[in-house]
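The values are calculated or read from the model by the stated rules, or taken from the named source; none is laboratory data. The structure displayed is predicted, hence computed values, not measured ones. Ideal geometry is used to build each Cβ from the backbone, glycine not excepted, and the neighbour counts take in all protein chains shown.
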Amino acid sequence: MTHSEQVAFDMIGAAGDGRAKITEALGQARKNNFGKAEAALKMATEHLLKAHQLQTQELLGRQADGTLQDPYNVIIAHAQDYVMTTMAMKDLAIEIVHLYAKLDAI
């Protein structure tokens with residue numbers, strides 16, 4: 001396995017952990033457990049930050065400075081797509097949690 005492929009799998013794992021926390025946050029918000037929902041979103045952010053740092057430091061940064069020699073492949077493309085879509089999911093989940101909180105306050 002190349003360095004880039006290992007980084008891609010690590011990115012997918014971190015984003016997957018973030019996605020699981022986002023799903024947990026939405027479930028907690030549905031039950032009006034807003035403190036738990038916010039805590040899960042905070043953990044999701046940490047997982048996604050790790051995934052993004054891997055992408056920028058280990059792939060983009062190394063490609064820019066010429067130290068990354070591995071070819072670009074479908075695993076890397078999938079990892080980048082998975083991170084991006086999970087980040088978008090988190091942004092929407094934040095809004096949904098806030099909407100649940102507003103509905104609960106009515």
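Per-structure values
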read-out: Residues satisfying the stated conditions in segment 29-44, i.e. surrounded by 15 or more Cβ atoms within 10 Å (Cβ to Cβ) and free of Cβ contacts under 8 Å to residues at least 60 places away in the same chain; value: 33, 36, 38, 39, 40, 41, 43, 44
read-out: In segment 61-86, the residues that are free of Cβ contacts under 8 Å to residues at least 40 places away in the same chain and in contact with a Leu (Cβ under 9 Å, 6 or more places away or on another chain); value: 61, 62
read-out: Among the candidates 2, 85, residue that is surrounded by fewer than 13 Cβ atoms within 10 Å (Cβ to Cβ) and hydroxyl-bearing (Ser, Thr, Tyr); value: 85
read-out: Answer residue from segment 93-106, given it is loosely packed, with under 12 Cβ neighbours inside 10 Å and not charged (D, E, K, R) and is farthest from residue 2 (Cα to Cα) among those; value: 106
read-out: Only one of 88, 101 that is part of a helix (DSSP H, G or I), under 30 Å from residue 32 (Cβ atoms) and touching a helix residue (DSSP H, G or I) at 6+ places or on another chain (Cβ under 7 Å); value: 101
read-out: Criterion (in a helix (DSSP H, G or I) and within 21 Å of residue 3 (Cα to Cα)) met by exactly one of 64, 39; value: 64
read-out: Qualifying positions in segment 41-61 - at pLDDT 95 or above and farther than 15 Å from residue 15 by Cβ; value: 42
